[in-house]
Amino acid sequence: MGPPKPPYLLHQLTRDPGARLKLYCGACTWWRTYDAGKIAERLAAKNLLRPSTLIADVAKQVQWPCPACHRMRWATSPAERRNGEYVENPMARARGGR
Ligand SMILES: [Zn+2]
């Protein structure tokens, strides 16, 4: 079983404990990451989690504008790792909370 390929299902990411999801702005490329398992829990609490839920569907749930350009053009991808560690955008801390 190789690495998941797009379109990525959310449950493909959550198979890997601690996996992170990258939320990025399609307008200006601002980004941050989220714990994929917590995202799945939040969708499940709203009864929005399906086996067919794509990580692209997560972007549609984001209700706040980009802190950098104030537009709402969210997209998602699996978060990148560098030397096995997830990387966070240093400019993204304390924004978008959750
Ligand atoms: Zn933006």
Next item on the list: Just grab the label-to-label distance for Lys38 and Gln61, each label 7 Å out from Cα along the Cβ direction, in nm (one decimal).
Entry: 1.3 nm
Checklist line | Long-range amide H partners of Trp74 with built H, under 5 Å | finding: Gly26
Notebook entry, point to check: Which distance in nm do the two modelled labels at Leu54 and Glu85 give, with both placed 7 Å along the Cα-to-Cβ direction?
Noted result: 3.3 nm
Check: Farthest toward the dipole's positive end in the chain, which of His11, Trp64, Cys25, given Cβ charges of +1 (Lys, Arg) and -1 (Asp, Glu) about the Cα centre?
Finding: Trp64
Note to self: For Lys22, give me every one of the aspartates and glutamates with a C-alpha distance below 12 angstrom, ignoring sequence neighbours fewer than eight places off in its own chain.
What the structure shows: Asp35, Glu80, Glu88
Margin query: Report D for the chain in µm² per second (integer): Stokes-Einstein, Kirkwood Rh on Cα pairs, 4 °C, 1.567 mPa s.
Written below: 94 µm²/s
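If packing is taken as the mean number of other Cβ atoms within 10 Å per residue, what is the order of 75-84, 4-13, highest first?
The packing order, highest mean first, is 4-13, 75-84.
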Check: Helix-derived [θ] at 222 nm for the chain: sum -39500 (n - 2.57) over DSSP H runs of at least 4, divide by residue count, nearest 500?
Finding: -5500 deg cm²/dmol
Item checked: Debye, to nearest 20: dipole size of the chain, +1 on Lys, Arg Cβ, -1 on Asp, Glu Cβ -> 220 debye
Notebook entry, point to check: Tell me, what is the percent relative contact order of the chain, built from C-alpha pairs under 8 Å that lie six or more residues apart?
Noted result: 33 percent
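Values in this text are rule-based calculations from the coordinates and carry no lab data. Given the structure is predicted, the values throughout are model-derived calculations rather than measurements. All Cβ positions, glycine included, derive from the backbone under ideal geometry; neighbour counts span all protein chains shown.
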